1. Could you tell me whether any residue of the range 339-354 is within 30 Å of residue 161 (Cα to Cα), in contact with a helix residue (DSSP H, G or I) (Cβ under 9 Å, 6 or more places away or on another chain) and free of Cβ contacts under 8 Å to residues at least 60 places away in the same chain?
2. So which residues in the range 40-72 are farther than 15 Å from residue 85 by Cβ, surrounded by 12 or more Cβ atoms within 10 Å (Cβ to Cβ) and out of contact with any strand residue (DSSP E or B) (no Cβ under 6 Å at 6 or more places or on another chain), if there are any at all?
3. Check whether at least one residue in the range 110-130 is without any contact (Cβ under 8 Å) to a residue 40 or more places away in the chain and under 25 Å from residue 246 (Cβ atoms), and report yes or no.
4. Quick check on this structure: which one of 134, 113 is more than 30 Å from residue 75 (Cβ to Cβ), within 16 Å of ligand 2 (Cβ to nearest atom), assigned by TED's automatic domain parsing to the domain that holds residue 223 and within 20 Å of the chain's Cα centre (by Cα)?
5. Can you pull out the residues in the range 313-338 that are in contact (Cβ under 8 Å) with a residue 12 or more places away in the chain, under 11 Å from residue 353 (Cβ atoms) and loosely packed, with under 15 Cβ neighbours inside 10 Å?
6. Which condition does residue 186 not pass, out of (1) more than 18 Å from residue 287 (Cα to Cα); (2) touching a strand residue (DSSP E or B) at 6+ places or on another chain (Cβ under 9 Å); (3) more than 16 Å from ligand 2 (Cβ to nearest atom), if it passes all the others?
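The values are calculated or read from the model by the stated rules, or taken from the named source; none is laboratory data. On a predicted model such as this, the values are computed, not experimentally measured, just so you know. Backbone-built Cβ (ideal geometry, glycine too); neighbour counts: all protein chains shown.
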Ligand SMILES: Nc1ncnc2c1ncn2[C@@H]1O[C@H](COP(=O)(O)OP(=O)(O)OP(=O)(O)O)[C@@H](O)[C@H]1O
Ligand SMILES: [Mg+2]
C-alpha cells in the first residue's frame, strides 16, 4: 500500500504513523483557524451611532446617522457610556457593543477660526442705522442682560446680516464681538457642508459646545445660504447630509436661552433663497440689510481708508466721494490701494484726488475682467 504521492494530499503514506498523526493535527488546527477567519468575514459590520440619552446602566437612546432614534440595550462589559459618545452597535438589534474612543474636537479647532477681534466701531464708515440696530440687539443684551429681565422682553438669539458683497457685514460682526469682548467663532457655511461630509451635524454640536465654554461668544456663519438654502427636493445623499447639518443647527439654536451669552450672526448675499425655518421667531429673527453706502457713507469710508495716506494739499473728500458713489466699502478700499500704487509708480508719495479716481477705474475694470472669465467658463 505504500505510495509516495497521493493526488490532492501532499504527504507520503510510507512515513511513520506518528508523523502522519502530527500532520493531521496541524491540518485540523489550520482548518479551525480558517473557519474562525471565515466567520469573522461573514459577521455583519457594526454600525456607528451616537448616544443621545443614557437611560440607565443597561439602556440608552441612540441616534443613527440618518437621524432615526432607537431605544437600545447596552451589552454587559461596556461601561462608562455617556451622552454624546460615539458607539458601535450591532446591525440586528442595535445593542451597543463598544465605545469608540472619544473623538471630541476631532477637527473642530482646525476648521473654525476663533479669536478676539479688535475692530472698532470707528473702523466702519456709514452704516449708522445698521450699527445702532446691532448694538441694540446684540451688544446690549450681552452687556446688560438684567435690563431685559427687568423689562420682561427677550432679545433675539441671533441676527441675519444680508446684502451685496463687500458692504461691511463681516466688519459689523467683528466690531460687535470686540465691543462685548466676546470670543468670535467664525465658520463658513460652504466649508461646513463640503469638507465634513457625514460629520457636519456633529461638528455643529461641537461648535455650539465650544461657544458655551468660551462665552460670551458670537458664532459667525458666513455664506449661511449654503447651509440653509430652501431645498424643495432632497434627491442626493449630499443634499440630505446638508439637511441633517441644518437640522442640527436649528436644534442647537432652539436649545439655548435668549439671554444666554452666546449669539449667532448669520451672513448672506442671498436672503431670497434661505429656508424660512432659519428666519422664524426665536431663531435668526432680526434681519438687518447692509446696503451700498450713500454719499455720506462713501465719504466716511474714504476717510477711514486714506487715514494713513499722505493726501495732496486741499484734497476735497466730498468731491472725491461723489466720484465713488455706487462702490461698496471693499471697492472704495481697493480704489485707495490702487491710488497708492499709481503714486508709487510715478515716484510720488503724496496721493491726489485724481489717483483715487484712476484707482476706482482700475478696480471696476478688474472686476469686469473677472466677470468675463466667469462667463467664459460657460461658453
Ligand atoms: N462700511 C465700511 N466701512 C469701512 N470699510 C469697509 C466698509 N465696508 C467694507 N469695508 C472694507 O471692505 C472690507 C470687506 O468688507 P466685509 O468683509 O465686511 O464685507 P462683507 O459685507 O462681509 O462682504 P461679503 O458679503 O463678500 O462677505 C473690510 O475689511 C473693509 O476694509
Ligand atoms: Mg463677509
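1. Within the range 339-354, the subset within 30 Å of residue 161 (Cα to Cα) is none.
Scanning the range 339-354, I find no residue that is within 30 Å of residue 161 (Cα to Cα), in contact with a helix residue (DSSP H, G or I) (Cβ under 9 Å, 6 or more places away or on another chain) and free of Cβ contacts under 8 Å to residues at least 60 places away in the same chain, so the answer is no.
2. Matches in the range 40-72: 67 only.
3. Within the range 110-130, one or more residues are without any contact (Cβ under 8 Å) to a residue 40 or more places away in the chain and under 25 Å from residue 246 (Cβ atoms).
4. The conditions single out 113.
5. Pass one, the range 313-338, residues in contact (Cβ under 8 Å) with a residue 12 or more places away in the chain: 315-338.
From what is left, the residues that are under 11 Å from residue 353 (Cβ atoms) are 315-324.
The answer is 316, 318, 319, 322.
6. Every listed condition holds for residue 186 apart from (3).
Residues checked against (1) in a loop (DSSP other than H, G, I, E, B); (2) within 16 Å of ligand 2 (Cβ to nearest atom); (3) more than 21 Å from residue 362 (Cα to Cα); (4) modelled with pLDDT of 95 or more:
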{"site": "267", "(1), (2), (3), (4)": "no, yes, yes, yes"}
{"site": "282", "(1), (2), (3), (4)": "yes, no, yes, no"}
{"site": "288", "(1), (2), (3), (4)": "no, yes, yes, yes"}
{"site": "297", "(1), (2), (3), (4)": "no, no, yes, yes"}
{"site": "301", "(1), (2), (3), (4)": "no, yes, no, yes"}
{"site": "304", "(1), (2), (3), (4)": "no, no, no, yes"}
{"site": "321", "(1), (2), (3), (4)": "no, no, no, yes"}
{"site": "334", "(1), (2), (3), (4)": "no, yes, no, yes"}
{"site": "341", "(1), (2), (3), (4)": "no, no, no, no"}
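Table: residues versus (1) farther than 30 Å from residue 307 by Cβ; (2) crowded, with 23+ Cβ neighbours inside 10 Å.
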| residue | (1), (2) |
| --- | --- |
| 137 | no, no |
| 144 | yes, no |
| 188 | no, no |
| 217 | yes, yes |
